[in-house]
Structures are given as C-alpha cells and as structure tokens.
C-alpha cells in the first residue's frame with residue numbers, strides 16, 4: 001500500500017510544473033484564510049500577495065518573458 005501511495009505521489013509531483021505547484025500551494029493557503037474572521041482574514045491574505053510571475057521576478061530578479 002505504501003509503495004502504491006509513494007508511486008502516485010511521485011507521478012503527481014513529476015507532472016507538476018513549478019508554476020502549477022506554486023499556484024496550487026498559494027490557492028490552498030488562501031482557501032485556509034477563508035476560515036478566519038474578517039480582521040484575521042485580511043492579515044492572512046496579505047501574507048500571499050504575489051502571483052507566480054511576481055514571485056519569480058522577486059526570486060530571480062528577471063521579469064518573465066512575454
């Protein structure tokens with residue numbers, strides 16, 4: 001059972017792009033913010049302001065190619 005689960009996880013990760021992983025993680029975290037009260041929600045959402053292109057530009061210092 002563990003071997004099957006590990007295989008599925010590895011296949012899933014191998015099929016994900018860096019952008020896809022970033023977008024999915026950000027979306028999950030923003031969904032978690034929805035469980036907060038109003039003031040905490042705004043604070044929570046403010047922790048994840050960048051989309052992938054903004055993140056990559058901040059990380060690499062190079063704007064995305066258009």
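Some points to look at:
- Each residue in the range 47-66 was checked for being at pLDDT 90 or above and either part of a loop (DSSP other than H, G, I, E, B) or on the phi > 0 side of the Ramachandran plot (or both), and 5 pass.
- Residue match in the range 10-25 (condition: in a helix (DSSP H, G or I), touching a helix residue (DSSP H, G or I) at 6+ places or on another chain (Cβ under 8 Å), surrounded by 10 or more Cβ atoms within 10 Å (Cβ to Cβ) and modelled with pLDDT of 90 or more): yes
- The set of residues in the range 26-41 that are in contact with a helix residue (DSSP H, G or I) (Cβ under 9 Å, 6 or more places away or on another chain) and either in a helix (DSSP H, G or I) or exposed (fewer than 10 other Cβ atoms within 10 Å of the Cβ) (or both) comprises 26, 29, 30, 32, 33, 34, 35, 40, 41.
The values are calculated or read from the model by the stated rules, or taken from the named source; none is laboratory data. It should be emphasised that the depicted structure is a prediction, and the values quoted were computed from it without experimental measurement. Methodologically, a virtual Cβ is constructed for each residue, glycine included, from the backbone with ideal geometry; neighbour enumeration extends over all protein chains shown.
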